[in-house]
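The values are calculated or read from the model by the stated rules, or taken from the named source; none is laboratory data. Fair warning: this is a prediction, and the values are worked out from it, not measured in the lab. A quick note on method: Cβ atoms are made from the backbone with ideal geometry, for glycine too, and the neighbour counts reach across all protein chains shown.
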Amino acid sequence: MIKTILSPRRRLMVKNKNNIKRGGFSMWLLIWGLGLAGQICWNMENQWFNTFVYAKIAKDPKIITGMLICSAAATTFATFFFGTWADRTGKRRTFISLGYILWGIFTIAFGLTQFISHDQYLLMAASVVLADTVMSFFGSMGNDAGFNTWTNDIMTDKNRGGIGAALATQPVLGTILGTVIGGMLVGENDNYMRLFVVMGVFVIVFGIISLFALNKKDDVEPSVRGTFLNQFASVFNFKKFFAQKELVLVNVGVSLFFIGFNVYFAYMGNYIIYYLGYTADQMGIIEAVPLLLAMLTAIPIGILINKNKHPYLALASVAVNVIGLLILFPIKAGDVDVNSLFNLRIWLGIFIVGVGYVGILQTTKVWTKQLYPKDAKGQFEGIWILFFVLIPMIGGSLIGQAVVSSSKASFMDEVSGQMQYIPNGNIFIVGAAVILLSAIPFIFTAKLHKKRVGEETAQ
């Protein structure tokens, strides 16, 4: 029997092909199960952790800024570190399963910070930041370095639009489910511990499921280039990255968009609860219903993505998102009836913001994955996190803190003697201004994108 010797790249392609053949329903079940579990947990961190701080610790944007910056740093490092490790071993499933289980455990641990004495304010604040950082570290191991890289491995021309739609709608669906279920679990009595336990167990369960659902066919050919340290360090040599002008411009556009996103979204829950006057469970519904409707746009967006309309979709998403924020900006506390969940301006604004959010996520996730080198997908996923998480969360949180600290809705608490910083509509107008800047790099990608697609079609 003659044994055919394949190159590493060819073996990788064969392995992925076998994976896809094996996939079908089970592949899509894992994409949606693991992806949705991860996004619900990310949503809880991005939204309910911040309302938890305001409800249980202090209405202090500095704590939220500390959480965002430290968790962003942990997420970025973990994605680079575990991405390199996953590239060298080819064992995506190990990082997915172990990462999800530890992620869930430390999500539960986060809630325990509320039991520290309020007399030890600095200890409480530091513990909250530390707990969030550790949780983000393992979340990135399972979701960013593991799950996201795995979806990149199995992406083909035939499933590109479907996977892109899944990855884009999952954050929105995660926000919907996370806000509705989270609001129900927190309730009017602010029972955040119940929320963290339920969500933590949920993520742990999917981590355990992946132990049995994923197998060796889900691994890829190892990519070993020298020692681990050298390969890890090589990712910080951006020469290869900057050589791809289209990829650079897309990442810059993404970074600017999500700087603006983090200006308002980190405080949106607290804006609805503490500025407009709704309860936590009401907030869940107010955000969820418009976003559910916005998610339906993922279907036509996916069709356009398959037609390679990436630059135009990105620009349209920016414009739509800004329009939604401009609708939300003028709304003041006295303009709403807290006894009624429906307010046309709030719902319309959130819906339009959601359409832009779905569009930019769906488009850029697929766009960047198409541009990754085949031998360093895990590491380039780390670069995506650098532009998608680290820079936006640092920049957005610092801008957001400045905006909230200058809010005229803030007041001095006579009991504690501390300022209570309440976000108002300024978070939307400042966020919109930053997001509008993201249109500039996307405009410059159009020519590069058209040239690349033409060359690929000719081949």
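The single condition among (1) surrounded by fewer than 24 Cβ atoms within 10 Å (Cβ to Cβ); (2) out of contact with any Lys or Arg (no Cβ under 7 Å at 6 or more places or on another chain); (3) within 20 Å of Leu195 (Cβ to Cβ) that Gln114 does not satisfy is (2). Gly187 meets all of the listed conditions (1) of a type in the set (Gly, Ala, Ser); (2) buried (at least 20 other Cβ atoms within 10 Å of the Cβ); (3) at pLDDT below 85 but one, namely (2).
For Val453, state whether it is of a type in the set (A, V, I, L, M) and over 24 Å from the mean Cα position of the chain (by Cα). Outline the logic, then answer.
Details: of a type in the set (A, V, I, L, M): yes; over 24 Å from the mean Cα position of the chain (by Cα): yes.
So Val453 passes the test.
There is at least one residue in the stretch 124-145 that is at pLDDT below 90 and of a type in the set (Asp, Glu). Sub-7 Å Cβ pairs linking a first residue in the stretch 210-223 that is modelled with pLDDT under 65 to a second residue that is among the small types (Gly, Ala, Ser), at least 6 apart or interchain, are Asp219/Gly90, ordered by first then second residue. Sub-8 Å Cβ pairs linking a first residue in the stretch 161-186 that is under 17 Å from His310 (Cα atoms) and assigned to a helix (DSSP H, G or I) to a second residue that is charged (D, E, K, R) and at pLDDT 75 or above, at least 6 apart or interchain, are Gly164/Lys365; Leu167/Lys365; Ala168/Lys365, ordered by first then second residue.
Of all residues in the stretch 367-386, none satisfies being of a type in the set (D, E, K, R), closer than 30 Å to Phe242 by Cα and without any contact (Cβ under 8 Å) to a residue 60 or more places away in the chain.
There is at least one residue in the stretch 347-355 that is part of a helix (DSSP H, G or I), buried (at least 24 other Cβ atoms within 10 Å of the Cβ) and in contact with a Ser or Thr (Cβ under 9 Å, 6 or more places away or on another chain).
Cβ-Cβ distances below 8 Å connect the following pairs, each with a first residue in the stretch 39-57 that is touching a residue at least 40 places away in the same chain (Cβ under 8 Å) and surrounded by 22 or more Cβ atoms within 10 Å (Cβ to Cβ), a second residue that is outside any helix (DSSP H, G or I) and of a type in the set (Asp, Glu), and a separation of six or more residues or different chains: Val53/Asp60.
Among the residues making up the stretch 117-138, those that are of a type in the set (Phe, Trp, Tyr) and buried (at least 19 other Cβ atoms within 10 Å of the Cβ) are Phe137, Phe138.
Of everything in the stretch 81-111, what is farther than 26 Å from Phe202 by Cα and buried (at least 21 other Cβ atoms within 10 Å of the Cβ)? Give them in sequence order.
Residues of the stretch 81-111 that are farther than 26 Å from Phe202 by Cα, as a first pass: 84-85, 87-90.
The answer is Thr84, Asp87.
Taken together, the residues in the stretch 280-297 that are among the β-branched types (Val, Ile, Thr) and at pLDDT 90 or above amount to 1.
Can you pull out every residue in the stretch 430-443 that is out of contact with any Pro (no Cβ under 9 Å at 6 or more places or on another chain) and in a helix (DSSP H, G or I)?
First pass over the stretch 430-443, keeping only residues out of contact with any Pro (no Cβ under 9 Å at 6 or more places or on another chain): 430-441.
Val430, Gly431, Ala432, Ala433, Val434, Ile435, Leu436, Leu437, Ala439, Ile440, Pro441, listed by residue number.
Within the stretch 19-59, the set of residues being outside any helix (DSSP H, G or I) and either at pLDDT 80 or above or closer than 25 Å to Ala126 by Cα (or both) comprises Ala58, Lys59.
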